Amino acid sequence: MTADRQQTSAGLRSRKFFFRGLAILLPSVLTIFLLFWAYNFVQDKIASPINFGIRELVLRATAWPAVSQERMELHETKLNNESPEVLEQWEKDGVTNKQVMLRRDTRREVLTQTWRKYRFALDLIGLIVAVVLIYIAGAILGSFIGRRLYRRGEKMISKVPLIRQVYPFMKQVTDFVFRADSTEKLRFNKVVAVEYPRKGLWSVGLVTGDTMYVVEQKVKEPCLTIFIPSSPTPFTGYVVTAPRADTIDLPITVEQALRFTVSGGVVIPPELLQNSHQPAVLGDSHDSSQPNETNMVDA
């Protein structure tokens, strides 16, 4: 009996240590994984095309890198073995054109090898150029002429089939996220508690704005449109309409609300735990003097 108890106790301790280590390491591992995924996504989808354009611009606008005739002959031999159809196409276009294209392709290979040698530093050029272009576009579109050109471009896009079915909805989402008006942004970033999915059950939701006027006319009081994120994936959820009077404003940020949702209610904002030493659970009928089963097990 004693040996069985010792084995059970050892098994419980092993499981406890394992989950404790998992709880400590998993957030760091997931954070590193998400950062790595985000970097690869930005690098492949945004920076790489820009870097390719920069390399082509260097080849066409400058004489660097210079290549020797011997290097060109080696590159021609390589193409003849790996891609003979390329040389055939150049020969059809003429001997002079072949030499020009061969020199440019040899320079492209040398530039690509040099870029790979200093890849970590040079790849940042694409990101920097993207940030600068976005800034310039914002500055231009912020001017009077830029706004008029932007509206005219939107009208042209709205006439293109298929695109006109998608673009307006995507624009609404981006306007919601990047709205410049501080008062509107403050209203959209409000966090509330609403009784959902039924009376007596409260859910944390994000106010996305006012609701449809038809609903307000029927209810005869101001209403809010609220997005209630799901746990543990806040990218999905439910959209409900509730009277403004039936919601409770929560003094937390959107980020804190999302942390609360993702953690399944474990991560509560510190400012809402000032009286955490007192029983604060609504409807708790248990006497606080009774021992906690979890504490007994840990003891």
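Below is a table of values for the structure above.
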item: Per-residue ³J(HN,Hα) for the stretch 206-215, Karplus 6.51 cos²θ - 1.76 cosθ + 1.60, θ = phi - 60°, Hz, x for Gly and Pro; result: 10, 6, 9, x, 6, 9, 6, 5, 4, 5
item: 27 Å Cα-Cα reach of Lys218 towards lysines, excluding residues that sit fewer than 8 places from it in its own chain; result: Lys190, Lys199
item: In order through the stretch 131-136: 3J(HN,Hα) via Karplus (6.51 cos²θ - 1.76 cosθ + 1.60), integer Hz, x for Gly, Pro; result: 4, 5, 5, 5, 5, 5
item: Loop-located chymotrypsin sites (Phe, Trp or Tyr not before Pro) in the stretch 183-268 whose Cβ has at most 16 other Cβ within 10 Å (DSSP); result: Phe235
item: 5 angstrom amide H check on Cys223, placed H, neighbours 5+ away; result: Thr211, Arg244
item: Positive-pole candidate from Ala23, Pro84, Leu74, dipole of the stretch 15-119, charges at beta carbon; result: Ala23
item: At R0 = 35 Å, FRET efficiency that the Cβ-Cβ distance of Gln69 and Leu127 yields, to 0.05; result: 0.40
item: The stretch 70-166: trypsin sites (Lys or Arg not before Pro) in DSSP loop, at most 14 other beta carbons within 10 Å; result: Lys159
item: Pairs of Lys in the stretch 7-136 closer than 28 Å at Cα, counting only those 8 or more apart or on different chains; result: 4
item: Net charge contributed by nearby residues that have their C-beta within less than 13 Å of Val86 (K/R +1, D/E -1); result: -3
item: Efficiency of FRET from Cβ geometry, Ala245 and Trp37, R₀ 45 Å, rounded to 0.05; result: 0.55
item: Cβ-placed point charges (K, R +1; D, E -1), dipole of the stretch 183-270 about Cα centre in debye, nearest 20; result: 100 debye
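Any read-out appearing in this document is the output of simple, stated calculations on the displayed coordinates, not a laboratory observation. The structure displayed is predicted, hence computed values, not measured ones. Backbone-built Cβ (ideal geometry, glycine too); neighbour counts: all protein chains shown.
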